[in-house]
Structure formats: structure tokens, C-alpha cells
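Data first, discussion second: the structure below is written as C-alpha cells.
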Amino acid sequence: MSNEHKHKQGGENANHEHDHSGIFGKRTEFIFSILCGIFLGLGFVLSEFISNLPVWAGLACYIASYFFGGYYTLSEAIEGTREGKFEIDFLMLVAAAGAAFLGKWPEGALLLFLFSLGHALENMAMQKARKSIEALGSLTPKTAIIKRNGLQEEIPAEQLKKGDIVIVKPNTKIPADGIVIAGSSAVNQAPITGESIPVDKFAVDDPAVDINDEHKIQQQYKVFAGTINGDSVLEIKTTKEASDSTLARVVKMVKEAEQQQSPTQQLTKKIERYYVPAVLLLVVLLCFAFLFIHESFGNSFYRAMAVLVAASPCALAISTPSAVLSGIARAARQGVLVKGGRPLEDLGVLTAVAFDKTGTLTEGRPVLNKIVTVNGVTEEELLKIVVAAEQLSDHPLALAIVKGGLERLNNAAVPQATGLLAVMGKGIEVQIEGSRVLIGNSELFKAYQVALPAEVKEIMQQLQKEGNSTMIVSKDEQFYGVAGVMDIPRAEARQVINDLKQIGIRKMIMLTGDNQQVADAVAAEIGLTEAKGDLLPEEKVSAINLLRKQESKLAMVGDGVNDAPAMAKSTVGIAMGAAGSDVALETADIALMANQLENLRFAIGLSRRSKRIIRQNLFISLGMVALLIPLTILGIANIGPAVAAHEGSTLVVVLNALRLLAYE
């Protein structure tokens, strides 16, 4: 099943998802169930132990117990029958009414008490999972301080517009997505990305930068609504409307994800569609058992009501939705956005993962990786002339060399370079202290008719084989050495790849537009099974299609922009560093909000735990039904034990699902 249909599956709320507030507030349903139990106990005492009271006294208590126990059950049953559904609440009411018809008021009241109490406790347990999601919505502060015409003004945060200048005081929540235009601070991004360590944020060099092109703005300048500022004042320029912030979109998508049905949920829905009518038919047949066996109609009817209770698929209906909801809530807390039950389940059965290279397995930016000198030149001598020359250029590789070179030189003074002459696609020529310096590839020296020594050629080829872009350095035709620049693998990449192998991911492949030599070098360094380079976006899709034939369950991990087509063809599309990226949030089935590859390991582990708990819940719920039906048909168990076991199993599966909230 490809994820081309992702988000297409409609979802229904899980059974028992309801808001039963009332006279006692949100706990009204729970209090009503307790009152049901109190009147049940009072009625039993009055009827069985106090003989001089009129019969109506105990009966009145049982009727009150019926009222409080059946109030919400009846409201749900009516709502269901209006929609043409005969679900669990309807079955419970029929059983309770049948018990009253036979004069078995205590057992009918016990049924309603245990069912309503189980219902209420189940709802409270499910709300615990939902609060993990709803808590996201309360992260944004109510007000914001904006700067207009040199004056500060406090306004409601929802009134913030794109382009507003917002003052964020120390240790306060940031009210909107934006870029820092003044100040620097360590920002706690855990509410959005799950990162445990605050991230340093700095002001952009140009406050007038175009805020409409998010991909040109580096993460160190971006801040998100709901994150917490550190010890310094920040001025930010908002990049989105308050209602369209990353946090708002995450909250919306997580709530939508709750409605998306997983494959197991869809299967149980299909089972219920045929199961409930079959149970009703069985109950009707059992009502007429007295025609074939020697017993009264009352006994046959009572047995039929007990079977009705035993066969109600309450635990089955809630077993999968409770686990899915808990899994999605736990993932959101870690900064992993899972868009529904289908990707949550699919992630756990993956056998192969395809990765984009740049920004996914690598840092996403070039760095000065290696310096190799020749002719007795020291590394310091080579670095000084390289840094001096490249400071005149604004090429991305030049910026990487300057940054890395100065770090290696401990910011030591470098000579003055002048007369920059850039040779497109080949390198540069500059003058340093009256000498001509050439820095570039072999084509640059060919253009200047300078022959490369064999030693330099060998160094260059070795560095290229390791995945470096190489620049040869000479001064007055004396060769100083070769500098290697490379988008280096993430520090955690090798460990993550190794962990994925250990949990059973058989094939891990890199798909990249970089040349095959670079792809092979990176793959070898981090332990991938295969690398495919020189791929255009449409060729990545072809590669994914081929992998799908070899491995039925495949994930594509990328940045959600140029990898979108390949993600759509995979079983699960996973976007890295999706915080602040609209395209990544929209494209992927699963979005790793932080730019942390290790969250992939967490997400797969959580999925596998979720599937295990779903299987346990199905075993418990179906096992209980399979046990209770024959026991009640044979008359070994009556309504009381049946409802106790039935509601007990329902609570067990919900509490089992809630264990996912504590997954580490």
C-alpha cells in the first residue's frame, strides 16, 4: 500500500469518544455512575435485609440506579440508532431492560452500574492521552509585545500579523513563528521539536531579509511559537499569521491524525459491522430456547441477556483507537508528528529505508574537511593564503573554507589579498604580497598552462574518492597542497544506521543528486548497504518503485521539498527537520520536527511497541468474548460475572494502551 492515499482515508471517532459533561461538570458521567452504585447498594439492603419496609422502597432505589446508570448510555444509544447503528450501548440497554422485564432489577442495575462506571473510567483514561495533545494548544502565550513607530504595545497574540516586530522578554514564551532581527539567546524548542537542549539563536545579518522564502533562512535565525526564550531579550519579525504558525499546524494535524483509522481499526470496524447484527440474531434465537429444552421462557430470556452482555465488542472497539491515540500523543511530545494510525502501524513493519543525502544523512552544509600539504609547506602557511584569498569571494565553498580555516588558525592574522579574479567553474586568482596565488580545480591550472605534479594529482584523487570537493593551492607556481571541502555526515548517522540494522531493517540505501563517488564515500563512512548518485527527482521516484518491488515496506526520509515525489511513492514518507517548513509538514506521513536523525530510531521503536500493544489488546478483547459467550450460553455465568469480565477487559485494554505514553 503506497502512501499516495495518505490522508484520504476518512476517520471516525473511536467508539466511546464523548463529552459527557453536565450538572457536575466534566466528571458528571463518573458521578452518575457512582450514584448508580449507591442506589443499587441501598436498594439491595432495603430489599434483602429490612423486611418491614414496603416493596416499593427497594424498587424505587433500583429505578433511581437505572436512571443514573442508564442516562448517558441511553443518550448514546439514541444517537447511534438515529444514524442507523446498533452498537454497544444499545446492546447494554436491551440487556438491562430485559432484566427489569424479568423482575431481575438488582442484576439489571448491576449491569448498568458496571457498564457506566467502566464507560466513565475509560473516558477519563482516554482523556489523559488527549491532554498530551491538547496541552500543545496552550503553549502559545495569550499576549505579545509589538514594536510600532518606536513604541511598544501589548496586543492579543492571535492578532499578530506577518511582518510584525515582536519583543520577547527573557524566560517567556515566543508568541509567533519568526526570525530574530536583534539579540541572541538560547531558546528551549522542546515543545515543538522535542530537543532536550536549548538551541542558540542569533540575529540575521540583514533585518530586511525576504521572509517569504523560508528555505533561504537558516535554522539558527528561526524561532517558533510556543518555544521558550532564554536569558536575553529578542526582537523577532513574524513570518506567519498567528493561526498559521508551526505550532498551530501541528496541533491541527495531530487532532486530524486522531481521526485517521489504522488498518487494524478498519478491520475491527468491518468485523463490528457484521458482528453486532449476528449477536442480535443469536440473542433472538436464544430467547426461544425454551421451545427446544426444558426451561421457562424467563430462563431462556435471562440467558439471552447474559449472552448479549458477554458478546458486546466494547473492548474490541476501543482496543486499537486507544493505542493509536496514545502512540500519536507520545510521538508529539518527542517532536515527532505522526499523521494517523496507518503510518504509525506501517512504520513498525518497515524492512527498508531510503535516505536523501544532503541535510538528512549529512549536515547539509560544506565544511573544510581536510588539508594536505606538499613541498615542506606547513598547514598554517597553506591555510593563511587560502583564507586570505577566499575572504574576497562569496561562493558557498569559499565561505566554508574561511570559516573552517579561521577555526584551525585560532583566528590568527592572515595576509591581505587583492585583485580577485574568478574563473567560472574553475577557481580564483588573487595577489598576496606581490605573489600570484591560484586556488581551484585541475581545470584552473590547465587554463593557466601549469602542469600538476604527480604527487598533487594523487592527493586530489584520494580526497575526491573520499567524497571531498578539492581545491589545489599554488603560490608563484609553487604548489602548497590541496584543500578538501565536504558536506560531512552527521555525527550520529553511523550509530543510527547501526541501530536500524539491529532492529531488522534489511536494506538502507542513499538516493542523491551528488555524484556517485561522493555518494559511495558517505555510504561507506556511515555503513549504508547501497548508494545511488547522480539522480534527478524523477529518477529517485524510479529508484523507489524498484525498491518497492524488492522490499514491500519502504520508508523515504528526506527534507520534504525536492524529495516529495519519492515520499509519495514510499510506504511511509518521513520529513527531517520539519519545524517551520510548510512543505515538509504537508508532504510527509511522519515529520521529525527537530533536525535530529536519532528521532527516526525513536519513531520506529514507538511504532513497533504500538503494534505489539494493539495485538495484545486484540487478544485480550477477542479472548474474553470467546470465553464468555459459551459460558453464558451454557448458563455457567450470568449477567453479573459477564458484565464484570466484559468491563474489566475494556479497562485493561485502555490502560494497556496508555503505557505508550511512558515509552522511552
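Every condition in (1) within 30 Å of Met508 (Cα to Cα); (2) hydrophobic (A, V, I, L, M, F, W, C); (3) without any contact (Cβ under 8 Å) to a residue 40 or more places away in the chain holds for Ile636 except the one numbered (1). Figure legend. Inter-residue proximity from the stretch 34-60: first residues free of Cβ contacts under 8 Å to residues at least 12 places away in the same chain, second residues in a helix (DSSP H, G or I) and crowded, with 18+ Cβ neighbours inside 10 Å, beta-carbon distance below 6 Å, spacing 6+ or different chains. Indicated pairs: Leu53/Leu46; Ala57/Leu46. Of the numbered criteria (1) under 20 Å from Glu381 (Cα atoms); (2) crowded, with 17+ Cβ neighbours inside 10 Å, the one Lys426 fails is (1). Listed by position, the strands (runs of 3 or more DSSP E) contained in the stretch 152-222 that have at least 2 residues being more than 22 Å from the chain's Cα centre (by Cα) and touching a residue at least 40 places away in the same chain (Cβ under 8 Å) are 165-168, 178-182, 185-187.
Among the candidates Trp56, Trp105, single out the residue that is surrounded by 17 or more Cβ atoms within 10 Å (Cβ to Cβ) and modelled with pLDDT of 85 or more. First the steps, then the outcome.
On the way: Trp56 fails: surrounded by 17 or more Cβ atoms within 10 Å (Cβ to Cβ).
The unique qualifying residue is Trp105.
For the stretch 339-361, which positions are of a type in the set (S, T, N, Q) and at pLDDT below 85?
Of all residues in the stretch 339-361, those of a type in the set (S, T, N, Q) come to 351, 358, 360.
Listed by number, the residues that qualify are Thr358, Thr360.
Once the stretch 263-320 is narrowed to residues that are part of a helix (DSSP H, G or I) and aromatic (Phe, Trp, Tyr), the residue that is surrounded by the most Cβ atoms within 10 Å (Cβ to Cβ) is Tyr302.
Might you let me know whether the stretch 412-428 holds any residue that is among the charged types (D, E, K, R) and not in a loop (DSSP other than H, G, I, E, B)? Give the steps one after another, and end with the answer.
Step one: list which residues in the stretch 412-428 are among the charged types (D, E, K, R), which gives 426.
Then keep just the ones that are not in a loop (DSSP other than H, G, I, E, B); that gives none.
There is no residue in the stretch 412-428 that is among the charged types (D, E, K, R) and not in a loop (DSSP other than H, G, I, E, B).
Does Ala568 satisfy the condition of being surrounded by fewer than 22 Cβ atoms within 10 Å (Cβ to Cβ) and within 18 Å of the chain's Cα centre (by Cα)? For Ala568, the condition - surrounded by fewer than 22 Cβ atoms within 10 Å (Cβ to Cβ) and within 18 Å of the chain's Cα centre (by Cα) - is met. No other residue among Ala417, Ala400 is under 22 Å from Asn468 (Cβ atoms), of a type outside the set (Phe, Trp, Tyr) and either crowded, with 19+ Cβ neighbours inside 10 Å or free of Cβ contacts under 8 Å to residues at least 40 places away in the same chain (or both) apart from Ala400.
Would you kindly identify the helices (runs of 4 or more DSSP H) lying entirely within the stretch 570-664 that contain at least 3 residues that are of a type in the set (Val, Ile, Thr)? Passing ranges, in order: 598-633, 639-658.
The values are calculated or read from the model by the stated rules, or taken from the named source; none is laboratory data. All of these numbers come straight from a predicted model, not from anything done at the bench. Note that each Cβ is placed from the backbone with ideal geometry, even for glycine, and that neighbours are counted across all protein chains shown.
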